[in-house]
Amino acid sequence: MEVHRCRFVDYTPSAINALAFAPNTTKPVMACGRANGDIEVWNPKNEWTLEKTIPGGKNTSVEALAWAHQTVLTEDEDFWDSEREKQQAIKKLIKTPPRLFSAGLNAVVTEWDLTTLKPKRSVDSHGGAVWCMATNHANTVLAVGCEDGCVRLFDIADGELTFIRSFDKQKTRILSLAWSQDDTIMITGSANSSIYKWNVELGRVQSRMTVDRVSGEDTLVWAVKFLSNGNIVSGDSLGHVKFWDGETTTMIQSFNSHGADVLCLAAARDGNTVFSSGVDRKCNQYKFVDQPAPRKNGKNGSINGKTEMVTKWVLAGSRRFHSHDVRAMALDDTRNVNALVSGGVDVSMVVCPAADFPDTNQRRLPHVPQRPIVSISKSKRLLLCRQEHGVKVWRLGKSAAPVQPYSELDIGAHMDLIEPQQAILEMNFKDDYNLTASALSEDGHWIAVADIEEVKLFRIDENPTQPGQLMVKKQKSFPGVRGTGAHYLTFTPDSARLIVASTDSQVVVMDISQWEAGQFDVLRRFGQHRGTSTKDTDSMDVDGEQDNVGSAGQVETIVSMAVSADGLWLATGDLLNRIFIFNLDTLQHHATLPKFDAPLTALHFHPYSPTLVIPTASNVFYLFNVETRRLTDWSREYSSDKTFPTKFLGLKDKILGIAFNPARKNTVLVWGVSYICHVDLELGVGDRNAILNVGKRKRVDRAVEEKRKQQRERRMKKYADLGILPMPELESGKAVVVLEGKKGRKVLAAARPLEEEQAEEVNFQLLHKFQNLMYVDFVGDNSMVAVELPFIKVLSSLPPSYYRASYGTHPHEIWDISASKDDPDLFFTCYKQGSIEIPDRNFKFTSAVLNPHAQEVVAIYGRSIQGWNLSSLKPTFAISDAQPSLLLCIDYNPNRPFQIATGGDDCKVRIWDVRDTSKGPIMSIQDHTHWVWSVAYNKFHDQLVLTSSSDCQVNLQSIVSISTGADYKYGEISDPEDEDTDKDDDAQEQAHPDLPTDGLIQAFDQHEDSVYQVAWSSVDPWLFLSLSYDGRAVMNQVPSEEKFKIIMN
């Protein structure tokens, strides 16, 4: 299969400025505010699902977010005729959806409509930029801290947003604020080294707390919290976290636990746990615990046999989840959520279980869009990508036909381009809001874009007088959708109609075929997503049960649309999980699907049948036959979380889309951010515990076939020497490697097509070769387009992160010290300034390693590798431009001469045979998401390789196919003179069911910061150590299962 890996797409995620959970009186939901003004609404259910994105605008940023969910009646007791009427009013109030407010440097406080994603109300802060904002615990008053040093209160009770009054004005800006539990006291952090305690009723300062200053300069109090136990906690620009008594405003304790500004705080509901983070990227946990009271002599002890206890704040744990400044944190410690969420400059949100901190595994939520921003024209081979205020179009490149068949090429093998990709069009708009939708027609002549206020249509044609130049003409007579914007756009395959999902949740079908006459007709408006009842709303009966999901009053945002390949059917879905099918010939509603258990993530029609494929957030997908109005037989039997493969259901990344290969009409490609999964719809799901990793399978296939080929050659040579003509080998039974063990029959790998019974066992074929997928589709037979956004590309666009230098006695930073194994008197030291110092020798390199097999040093410098003979000081080999970016580490195989491993800032580890470097590396590994700082061969079993990276991970790799382990045949040395080499292959396989294979054995993520060094034990071959930037050393062992495979084979 040919894959266009499109990494040229210009998309830059925006930094995270604010995070906020909704009150626990409503459904769990979290808002994420970004620097470009976008606000994302996430649902923690189903492993965190992005529900909607409220678009930002030009020159706007979100600095503060606040949710409000009123549960207290504001009317007088006499207003209600009876207690029953009052309780009914309270229940109605609780059922009301929460309200979301945002504010930023544009001095505007905005309430958002969470259905249309438009501003519902906006008021001026009357005090300049808004730096902080919070609602009281009754959710009836909103407090705003402004640039002019004043706190302003707004009434938000009963759906209002009106100004109440201002507090006394201070001489400096208000950076942070928090309410007391009874809403009578407020504390604010300022830019003048002060924390103020306010009387809310009077609007006046009751007392003032002062933090430390350095060199007479003011300290910024970036964050404050009022805890439920009465304590106050603050974080400031000196990196101090201080705890104060809420009554007396005296400092209780102070922690100098951060190396730079503390930008955010989060506190548990019980007031006994606090989290802090900031510029130094550390996330610290503080707990209020009982400790033995110190005695006068400074030691802990007991009096009369009883230990005196005192309650204190302690630093309980620390982790580093981010590569850059952490600007926001949010905590929901309820049992059904239990999440600490953080975000900042590195654009990604990190989620970890709060109850288990710090001994917990974090999850980094995808930084790529969860809704498509890419569309393609298959016939014209065009690709469009939407940006904040514009769109860009590329023409895809063309590759030369490979010399070998596709089936014989390695996954990821590069193909020569005969025509590179080309950016052919870029359009930028001057609208106030960021774009929310875009579409490219199949004929390549139409581009439609929309924000929340307007839909625009453009005609693209080639300039007849200037071949190769494009003409772009806006269709001024295009009526849009009567002043409303859109959340989703799509064209029909014949490019004659534009389908618009408007911001008011209507589906509008527009005829654009009469464009030359300036005529654009609205053919039909469907109101099912607004709850509009129609005569045919309940025309579908699935499994004999009617399900009217278009009931009155149910209005929700439309998040997905799809048109069938023949242009006959339209499917639409919204956030209430309602899916409607419309007939575009009759322009009538055709069917309503039943609600699925998990939210839908996309809609796709099969190009060769009237089948709608519906992926959901639980990673189960359904197939619905539109004509019969029923789920297909395959889906009725297998589409369930009780039948799908367990490993596939356990993937953290949701299904984002479905792709169909025209060359294989009965298969689908299911893809998410980090994977592509091939599923054959003519086969069953098979064993729930069976899933095939395609990358590993191919490596196993080749290794097995190569060993068999070598055996056949040795057997033929031996028979030829004896003058015997051997019988030809049968190919049957050789297609599949079958292992017999205690648990029964298991398919390990397939070199040729599997038998039907065997193939069912591995129907779900998973590939983790791609990085952060944004879009996947096919432009032709076996021609796939995969749009990626590698994290390293995102990091390259970010500003430098916080760095604190370390100083030693040498004028330059030391990177490495190494000694020769053969000559104990020979050693070298590699300094950061670029020199390797060996007694009486001097070379200008970055890092180096001694050859354990000869008097040679191999060094890396920039992007190149160089070998030098230590006796003659002459070069032994050179590899120029070994990788496209900087090389950072190198190691020499201790057991196999001429083999080295390198790593660098392109996230890859490459294995080289220095005898012949013309063909490039003999293996390339890419399991890290950031710079690779260290690589180390195991001294006893060189098939084991350790790598470490700035992604805080240590990866244990197996490269058995190119190691000395490849010289062994299932535990026996393959000697051409061995009389037993003609033993039956299947018997050998059955005798040794567990064979070492290439690939990632295990990823170790115990570190909180960049891991700069890994090393194997010189005594215990299974023990290794890793060291991270924060000075933490972690010792691990090779997993027992892998150890057993190596020992037994």
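The values are calculated or read from the model by the stated rules, or taken from the named source; none is laboratory data. Bear in mind the structure is a predicted one, so any value in this text is a computation, not a measurement. All Cβ positions, even for glycine, are placed from backbone atoms using ideal geometry, and neighbour counts span all protein chains on display.
Observations on the model:
- Checking S835 against (1) modelled with pLDDT of 80 or more; (2) surrounded by 13 or more Cβ atoms within 10 Å (Cβ to Cβ); (3) touching a Lys or Arg at 6+ places or on another chain (Cβ under 7 Å), the condition it does not meet: (1)
- Qualifying position, being touching a helix residue (DSSP H, G or I) at 6+ places or on another chain (Cβ under 8 Å) and on the phi < 0 side of the Ramachandran plot, among Q953, Q943: Q943
- Options D183, D212, D218: the member that is over 35 Å from the mean Cα position of the chain (by Cα), farther than 28 Å from K287 by Cβ and in contact (Cβ under 8 Å) with a residue 12 or more places away in the chain: D218
- Of the strands (runs of 3 or more DSSP E) lying entirely inside the stretch 415-497, those containing at least 2 residues that are surrounded by 19 or more Cβ atoms within 10 Å (Cβ to Cβ) span 437-440, 446-450, 455-462, 486-491.
- Of the residues screened, D451 is not one that is over 26 Å from P55 (Cα atoms) and touching a residue at least 12 places away in the same chain (Cβ under 8 Å).
- Single residue of the stretch 46-84 satisfying the filter (on the phi > 0 side of the Ramachandran plot and surrounded by 15 or more Cβ atoms within 10 Å (Cβ to Cβ)) that is modelled with the highest pLDDT: W48
- When residues of the stretch 211-250 are limited to those that are in contact with a strand residue (DSSP E or B) (Cβ under 6 Å, 6 or more places away or on another chain), among the β-branched types (V, I, T) and part of a strand (DSSP E or B), the one surrounded by the most Cβ atoms within 10 Å (Cβ to Cβ): V221
- Count of residues meeting criterion [loosely packed, with under 15 Cβ neighbours inside 10 Å and farther than 16 Å from Y286 by Cβ] in the stretch 330-355: 3
- Tally, over the stretch 193-205, of residues that are free of Cβ contacts under 8 Å to residues at least 24 places away in the same chain and closer than 15 Å to E247 by Cβ: 1
- Within the stretch 85-110, the set of residues being under 13 Å from H69 (Cβ atoms), crowded, with 19+ Cβ neighbours inside 10 Å and not aromatic (F, W, Y) comprises R99, L100.
- In the stretch 476-488, residue farthest from K52 (Cα to Cα) [restricted to those that are at pLDDT 85 or above and under 38 Å from the mean Cα position of the chain (by Cα)]: G485
- Cross-chain or 6+ apart pairs with Cβ under 7 Å, the stretch 419-448 first and without any contact (Cβ under 8 Å) to a residue 24 or more places away in the chain, then assigned to a strand (DSSP E or B) and basic (K, R): E419/K398
- Matching residues in the stretch 122-141 - criterion: being closer than 17 Å to F226 by Cα and in contact with an Asp or Glu (Cβ under 9 Å, 6 or more places away or on another chain): C132, M133, N136, H137, A138, V141
- Look at the stretch 150-179: where a residue is farther than 22 Å from K120 by Cα and a partner is acidic (D, E), sitting 6+ places away or on another chain with Cβ atoms under 7 Å, you get K169/D148; R173/E147.
- Residue match in the stretch 200-210 (condition: among the β-branched types (V, I, T), over 30 Å from Y802 (Cβ atoms) and part of a strand (DSSP E or B)): yes
- Within the option set F255, F288, F275, being modelled with pLDDT of 90 or more and either farther than 18 Å from M329 by Cβ or out of contact with any strand residue (DSSP E or B) (no Cβ under 9 Å at 6 or more places or on another chain) (or both) holds for one residue only, F288.
Here is a yes/no grid of residues against (1) closer than 20 Å to F491 by Cβ; (2) surrounded by fewer than 17 Cβ atoms within 10 Å (Cβ to Cβ):
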position	(1), (2)
A591	no, no
D597	no, yes
L600	no, no
H606	yes, no
A617	no, no
V620	no, no
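- None of K118, K171, K197 is over 23 Å from V72 (Cα atoms), charged (D, E, K, R) and surrounded by 20 or more Cβ atoms within 10 Å (Cβ to Cβ) except K197.
- Options D158, D182, D148, D168: the member that is of a type in the set (D, E) and at positive phi: D158
- Subset of the stretch 889-930 that is out of contact with any Lys or Arg (no Cβ under 6 Å at 6 or more places or on another chain) and of a type in the set (F, W, Y) - its residue that is farthest from S948 (Cα to Cα): W912
- The requirement of being closer than 27 Å to K430 by Cβ and of a type in the set (A, V, I, L, M) is satisfied by A129.
- Residues of the stretch 756-813 classified as closer than 27 Å to D951 by Cβ, among the polar types (S, T, N, Q) and either surrounded by fewer than 20 Cβ atoms within 10 Å (Cβ to Cβ) or at pLDDT 85 or above (or both), total: 6
- Search result, residues across the stretch 89-99 that are modelled with pLDDT of 85 or more and either in a helix (DSSP H, G or I) or over 30 Å from K118 (Cβ atoms) (or both): K91, K92, L93, I94, K95
- Complete set of residues in the stretch 25-55 that are closer than 22 Å to A450 by Cβ and either among the hydrophobic types (A, V, I, L, M, F, W, C) or out of contact with any strand residue (DSSP E or B) (no Cβ under 7 Å at 6 or more places or on another chain) (or both): N36, I39, V41, L50, I54
- For the stretch 571-591, the set of residues classified as part of a strand (DSSP E or B) and either acidic (D, E) or out of contact with any Asp or Glu (no Cβ under 7 Å at 6 or more places or on another chain) (or both) consists of A571, T572, G573, D574, I579, F580, I581, F582, N583, H590, A591, listed by residue number.
- Scanning the stretch 124-135 for residues that are assigned to a loop (DSSP other than H, G, I, E, B) and either surrounded by 20 or more Cβ atoms within 10 Å (Cβ to Cβ) or touching a Lys or Arg at 6+ places or on another chain (Cβ under 7 Å) (or both) yields a total of 3.
- When S539, S533, S505 are checked against the criterion of being surrounded by 15 or more Cβ atoms within 10 Å (Cβ to Cβ), over 38 Å from the mean Cα position of the chain (by Cα) and either at pLDDT below 90 or assigned to a loop (DSSP other than H, G, I, E, B) (or both), a single residue qualifies: S539.
- The stretch 901-928 - residue that is in contact with a Pro (Cβ under 8 Å, 6 or more places away or on another chain) and part of a loop (DSSP other than H, G, I, E, B) and, of those, surrounded by the fewest Cβ atoms within 10 Å (Cβ to Cβ): D906
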